[in-house]
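Q: After the structure tokens below, expect a handful of questions from me.
Bear in mind that the values in this text are calculations on the coordinates, not laboratory data. Keep in mind the model is a prediction, meaning the values are calculated, not measured. Here the Cβ positions follow ideal geometry from the backbone for every residue, glycine too, while neighbour counts run over all protein chains shown.
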Amino acid sequence: MKDNPLGQFAIKTLYPITLNGHDISFTNASMFMAIAVIIVTSFFILAIRKSELIPGRFQSFAESIYNFTLMTLDENTHGKGQQFFPFIFSLFMFIVALNLLGNAPYGFSVTSQLIVTSTFAFVVFCLVTITGFVKHGFKFLSLFLPEGTPIFMAPLIVVLEIFAYFVRPVALSIRLGANMIAGHILIGVIVGFITLMGIWGFLPISFIVLFNGFEIFVAILQAYIFTILTCVYLNDAINLH
């Protein structure tokens, strides 16, 4: 990694699979996504296996995550988006798990792959758009012309609002992917200084330890930002203006 910090993001085939001429091989990214699903599922199964009226620490922690996600959704959709809670909760936990696995020893940062984050963002974009048309019909298009806009400014505002709307999935995917890439590259670059500094190599190591702690915070924060923006976009589809 010290010679090529970008090498840590390479997709590697673990088990080649071809279906009708299409490559659907099982890769390191596939493996870590499967691990993330297993970890999240196992965590909540174990947490609620022996549910008690007075929860223990493990159950209390799981319930805190559940309530925090529900509160985030309710606050941003004014209590009208609870039917989307399973999706929001699953999305948040999946991204958190993927981000944290990227910081684990010998881990792979799946969310550093823009194709992955773009897929998440595209699913959110489609969900919001479909929800808007199902709930409001063609009145959903009024989202692109805020009420009270002067008529002479309407054409410009409509163009800007449409552009901003279609940029949403791009911004969502790049924000998450770029933050994961930047942190890992910085660590990779610092690792390269360890061998060059000789007996002073402990200084970069100390910084890496501290920066890894910060990276854990960023991993959780970026998952939260992705989730809260999804809730904000859902609010547009549910409540319009």
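Q: Can you give the Kirkwood hydrodynamic radius of segment 1-145 from its Cα pairs, in Å with one decimal?
A: 18.4
Q: Which is farthest toward the positive dipole end of segment 5-239 among VAL40, VAL116, THR227, measuring Cα position about the Cα centre, with Cβ charges +1 (Lys, Arg) and -1 (Asp, Glu)?
A: My answer, from the dipole projection, is VAL40.
Q: At 222 nm, what helix-only mean residue ellipticity would the chain give, in deg cm²/dmol to the nearest 500, using -39500 (n - 2.57) for each DSSP H run of four or more?
A: That comes out to -24500 deg cm²/dmol.
Q: Looking at the square roots a ≥ b ≥ c of the eigenvalues of the Cα gyration tensor of segment 1-81, which shape do they give, rounded for a/c under 1.5, prolate if a/b is larger than b/c, or oblate?
A: Here segment 1-81 falls in the prolate category.
Q: So if I take the centroid of the Cα atoms in segment 153-180 and the same for segment 24-83, what is the distance between those two points in Å?
A: Cα centroid of segment 153-180 versus Cα centroid of segment 24-83: 29 Å apart.
Q: For segment 5-239, go through all pairs of different Cα atoms, get the mean of 1/r, take its inverse, and jot down that Kirkwood value in Å.
A: One over the average 1/r among Cα pairs gives 20.5 Å for segment 5-239.
Q: Report the full-extension gain for the segment ASP74 to ILE11: residue separation times 0.36 nm, less the Cα-Cα distance, to one decimal in nm.
A: Fully extending the segment from ASP74 to ILE11 adds 18.9 nm.
Q: About its Cα centre, what dipole magnitude does the chain give when the only charges are +1 on Lys and Arg Cβ and -1 on Asp and Glu Cβ, stated in debye to the nearest 20?
A: My answer is approximately 240 debye.
Q: Could you check the spin-label model distance between PHE44 and TYR224? Points 7 Å from the Cα along Cα→Cβ, value in nm.
A: For PHE44 paired with TYR224, the spin-label model returns 2.0 nm.
Q: What percent do you get for the relative contact order of the chain when only Cα pairs under 8 Å and 6+ apart count? Before the final figure, lay out each step's value.
A: On the way: 232 pairs, mean separation 67.6, N = 241.
Relative CO of the chain lands at 28 percent.
Q: Using alpha carbons only, how many degrees (0 to 90, rounded to 10) separate the axis of helix 154-196 from the longest principal axis of the chain?
A: It works out to around 10 degrees.
Q: Describe numerically, in nm with one decimal, the distance between label points set 7 Å from Cα along Cα→Cβ at ILE194 and at ALA171.
A: 3.9
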